[in-house]
Each structure stands twice: as structure tokens, then as C-alpha cells.
1. Assuming R0 = 45 Å, what is the FRET efficiency of L265 and K184, from their Cβ-Cβ distance, to the nearest 0.05?
2. For Q206, what is the net charge nearby, where nearby means another residue's Cβ is under 12 Å from its Cβ and Lys, Arg count +1, Asp, Glu -1?
3. For K29 paired with N239, estimate the spin-label separation in nm (one decimal), with each label point 7 Å from Cα along the Cα-to-Cβ line.
4. Rounding to the nearest 20 debye, state how big the charge dipole of segment 160-270 is about its Cα centre with +1 on each Lys and Arg Cβ and -1 on each Asp and Glu Cβ.
5. Taking the Cα-to-Cβ direction at C169 and at I128 and moving 7 Å from each Cα, how far apart do the two end points lie in nm?
6. What order do you get for Y200, Y241, Y68 when you list them from fewest to most C-beta neighbours inside 10 Å?
7. In the structure shown, do any of K164/K237; K164/K197; K93/K197; K93/K164 have a Cα-Cα gap over 21 Å, and if so which?
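Derivation of every value follows stated rules applied to the coordinates shown; laboratory data play no part. Owing to the predicted nature of the structure, the values given are computational and were not obtained by experimental measurement. All Cβ positions, glycine included, derive from the backbone under ideal geometry; neighbour counts span all protein chains shown.
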Amino acid sequence: MKLFSSNHFAIGVAIVSLSEVVKAQGTGKFSDVRQGALNNALGDFCSVGGGENNSAGAVMLASKPNMYSTVGGGTENLSDGEACVISGGSDNKIFMDGPNDAIFSSISGGTGNQIQNGRPNCAITGGIFNTVVAVAGEGTISGGINNMVTTGLGNVVSGGKENKAEGKCNAVVSGGRKNCATGKDSSVLGGTSNDVKGAYSLAFGQNAVVSNDSSMVVNLLGTGELASSQDGQFLVKANSYTFLVGAGTGKEASITIDASNIGNLIDALA
């Protein structure tokens, strides 16, 4: 069986026309569309490896095609940023609206992920409907569903669902659901509906709110909101607290404080 002829090539026993395999709408200077259907590489030095309805270096929000963009495969992916990469997945998009928007950014896969007119060096590893939007430079979303990085530099959402990082810089949401980190160098470790607004502050659990700098709020019960009230505060809500002192030898001294004996501690400290 001949694998190649002048007009066709064979895969197994099927004969496929080259015109059916590559249907490029257009290519720029030194650009390449290798395989697939309805793909194009309008920018210069751009490439689409395969898949269907993918575009690299496209003219969308930019005034002219952009260079050095790549789409590896998948379907309905658009890499409009300069020197940007979409490895695969479906309906993933990198937009740009200015000469330095969204350059050196990447989407590894997933579905419906977008980097919109962002500053340089942004990344979405995967997941569904995650977004890095305008004026968010060096932002990263590792995965999850409906997570956002909206402003600032170096902000990160590691995963989870409906989380948002939009601090001035270096705000992190590690996971969970409906958490938000807006303070500079702030962090939400996980949980649900936590909000960190203060700089250098931390929250986790449920409904923990940190509005002050250099503070930490931990709500392990989740019954109602637990909020900080001053800078440098460490606030915890739990049913009991056990303090353990020792070197891990099994002979540690410990004490547990709960509703039955908290009054004794208050009297001792009075």
C-alpha cells in the first residue's frame, strides 16, 4: 500500500485528500498551518499544528496581525497575543488591544478560558471558564472553574471555583469556593466565602473577613461572619482549642479550652 501519492496520503486503509486535511483560511509571512480544518495563522511567524477552527496571530482586537503566536490543536482556540501559546483544549482565547498587551502569555488547555487584554506573562494551565482580565500582569490561574485574576501583578488562583485574586500584587487564593484576595501580599488558603482585604493578611475556613493589615482570621465553624477589627490581629473561631507543649516525644503537656472552662482562663487573666 502506498502511503503517499501526489494528491493523497493514506492512514491505515483510509484515503484522505490533502485539501480535506488542511483548509487554511490564510497564513502570514513565514507562518504555517500543518493539519486540521478551517485553521489560520494570519500573523507572521505563527503556527497552528492541527485541530479545527483555530487561529494564531489573528486580527481581532489588535489593529494588525501579531507575530510568533501558536495554537497546538483543539478547536475554536484563538491566540491573538504576540508570542503567545494555546496548547489545546476548546474555545480558549488570548486577546490583545495594544502593542504590549498579553504578550508572552499561555493557555495550556481546558475549555472557555481567556486572557483578555492583559499585561504580559499571564498563564492559565487549564480548567473551565477561567479568566485573566485587563491590567492583570503576571497573573496565573492553575485550574478550576470560573476563577478570575482581574488586577495587579503576580496574583494567583490555584484552583477551586468562583475564586478571585485582584490585589495590588502577589495576592493568592489557593482553592475553595467564592474566596477573594484583594490585599497586597494577602492569601486565602481555602474554604468558602472568605475575603482578605488587608495587606500581608491571611484567612481560611468559612466566612472569614480580614479588613486589616498583618492580620489572620480563621473561622472553623462557619456560623456567621468572623471579621478582624484591628491591624496585627489573630482571630480564631472554634469549638475548642488545644495547646500542646513538647518536643514530639509523646510526653507533651497539653490543655484544652472550650465552653466549659473558658471562664477560668478569663478570670486568671483578669
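1. Efficiency, rounded to the nearest 0.05: 0.80.
2. The answer is +1.
3. 7.1
4. 360
5. Those two pseudo-labels are separated by 3.6 nm.
6. Listed from fewest to most nearby Cβ atoms, that is Y241, Y200, Y68.
7. Check vs 21 Å cut-off fails for K164/K237; K93/K197.
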